[in-house]
Every structure is written in C-alpha cells, then in structure tokens.
C-alpha cells in the first residue's frame, strides 16, 4: 500500500503572517519531522492561493484579511517546509478544499492501493475541508490526520474539527491528552 502525506497550507501567512498563530508556529518542527519520514515522491503540498481581487470573493467578504496572494512572501511556504518541498508536487487552490488534489489522488487509486495522511493548517478550515473532500471522493481509502502536526484558528476550533473528522471515519492520531 502506498501512503501519501498531504501537507496543507504550511504558508507564511498561516504560520507567522497575516493569519498566523502561536500554535501554527509551534507545529513547524513536527510537520518537518513528519515530511522527512516519508519518501519525497509520496509527499504533496497544497497552497492557498488568492489574487488581488480576494476581497471581492465570498471568502474575502467573510474573512476580510488579505492573505496568500500569489507571489507574495505570505503565499510562500514556511522556509523550513519550503526547503523540504523542493521538487514535490504542489496544488494551488483558490478555496478551502482542492478538487484537483482529490481527482489526482483518485486517479492514483486506479493503479495503487492508497492510504492518505494529512497535516497542516488550519485544522478547522482547510485540513478538515480537504479530509472530508477526499473521504467523499474515495470512501474506501484509509485517511488519517495527525493532530500533533495541525493547528486551528483557535485551540477550541482545532478540537471541534478533529471531532468532526472522527465522526466521518477519518482516523485522528497524535492527540494530546
């Protein structure tokens, strides 16, 4: 079985930029360690990607903070993560979940048995959206999320997202008790 790690939105704006949090900064070493535990060809990255027109989008009207504007420092991966990502596949996404990521991985299931693991930011927005999208597209593929390598907008919303994923048969590992 081929196990693929999906590193969700470990971008500067979510770590220590416009929408950064102390919790996001704290997970960077754990995410880097997790990435190093996988063969490079089995790690993919998502990038939250917006344009200068972001504030005119539905998301921009509900979250009026300019972030992850393509080509800006905030859009780039955190430097520690960026170094590890060289040569790996990246999926730019204009919204929370990546349909292209789902379609790409679903096509891989035609030749390989897969297991998927997600880590990254933010647990309660993009991690949960991608996990649920992938589960809906590939209900028989085992999917897990390492809670110790994720951070939410708040610790409470992180916990709620983990509970939601558990309820949808996504295996949650790495929880702190």
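The values are calculated or read from the model by the stated rules, or taken from the named source; none is laboratory data. These numbers were taken from a predicted model, which means no experiment stands behind them. Here the Cβ positions follow ideal geometry from the backbone for every residue, glycine too, while neighbour counts run over all protein chains shown.
Give me the residue from the stretch 110-128 that is over 15 Å from the mean Cα position of the chain (by Cα) and modelled with pLDDT of 95 or more and, out of that set, farthest from residue 77 (Cα to Cα). The qualifying residue farthest from residue 77 (Cα to Cα) is 113. Of the residues examined, residue 126 is one that is in a helix (DSSP H, G or I), in contact (Cβ under 8 Å) with a residue 60 or more places away in the chain and within 19 Å of residue 45 (Cα to Cα). Somewhere in the stretch 146-153, is a residue at pLDDT below 95 and farther than 22 Å from residue 33 by Cβ? No, the stretch 146-153 contains no residue that is at pLDDT below 95 and farther than 22 Å from residue 33 by Cβ. Scanning the stretch 53-78 for residues that are in contact with a helix residue (DSSP H, G or I) (Cβ under 8 Å, 6 or more places away or on another chain), loosely packed, with under 13 Cβ neighbours inside 10 Å and not in a loop (DSSP other than H, G, I, E, B) returns a single hit, 61. Residues that are assigned to a strand (DSSP E or B) and more than 19 Å from residue 93 (Cβ to Cβ) within the stretch 111-123 comprise 114, 115, listed in sequence order. The conditions of being over 19 Å from residue 81 (Cβ atoms), modelled with pLDDT of 95 or more and assigned to a strand (DSSP E or B) are not met by residue 140. In this structure, is residue 31 in contact with a helix residue (DSSP H, G or I) (Cβ under 7 Å, 6 or more places away or on another chain) and either in a loop (DSSP other than H, G, I, E, B) or closer than 25 Å to residue 146 by Cβ (or both)? Judged against the criteria, residue 31 is a match. Is it the case that the stretch 1-16 has a residue that's part of a strand (DSSP E or B), touching a helix residue (DSSP H, G or I) at 6+ places or on another chain (Cβ under 8 Å) and surrounded by fewer than 19 Cβ atoms within 10 Å (Cβ to Cβ)? Looking through the stretch 1-16, at least one residue is part of a strand (DSSP E or B), touching a helix residue (DSSP H, G or I) at 6+ places or on another chain (Cβ under 8 Å) and surrounded by fewer than 19 Cβ atoms within 10 Å (Cβ to Cβ).
If the condition is being touching a residue at least 24 places away in the same chain (Cβ under 8 Å) and farther than 27 Å from residue 13 by Cα, then the stretch 140-169 contributes 141, 142, 168, 169.
Only residues that are under 16 Å from residue 37 (Cα atoms), surrounded by 14 or more Cβ atoms within 10 Å (Cβ to Cβ) and out of contact with any strand residue (DSSP E or B) (no Cβ under 7 Å at 6 or more places or on another chain) were counted across the stretch 83-125, and they come to 1. The single condition from (1) loosely packed, with under 14 Cβ neighbours inside 10 Å; (2) within 17 Å of the chain's Cα centre (by Cα); (3) under 22 Å from residue 21 (Cα atoms) that residue 50 fails is (1). I'd like to verify a number: residues in the stretch 90-109 that are part of a loop (DSSP other than H, G, I, E, B) and over 18 Å from the mean Cα position of the chain (by Cα), how many? So the answer is 1.
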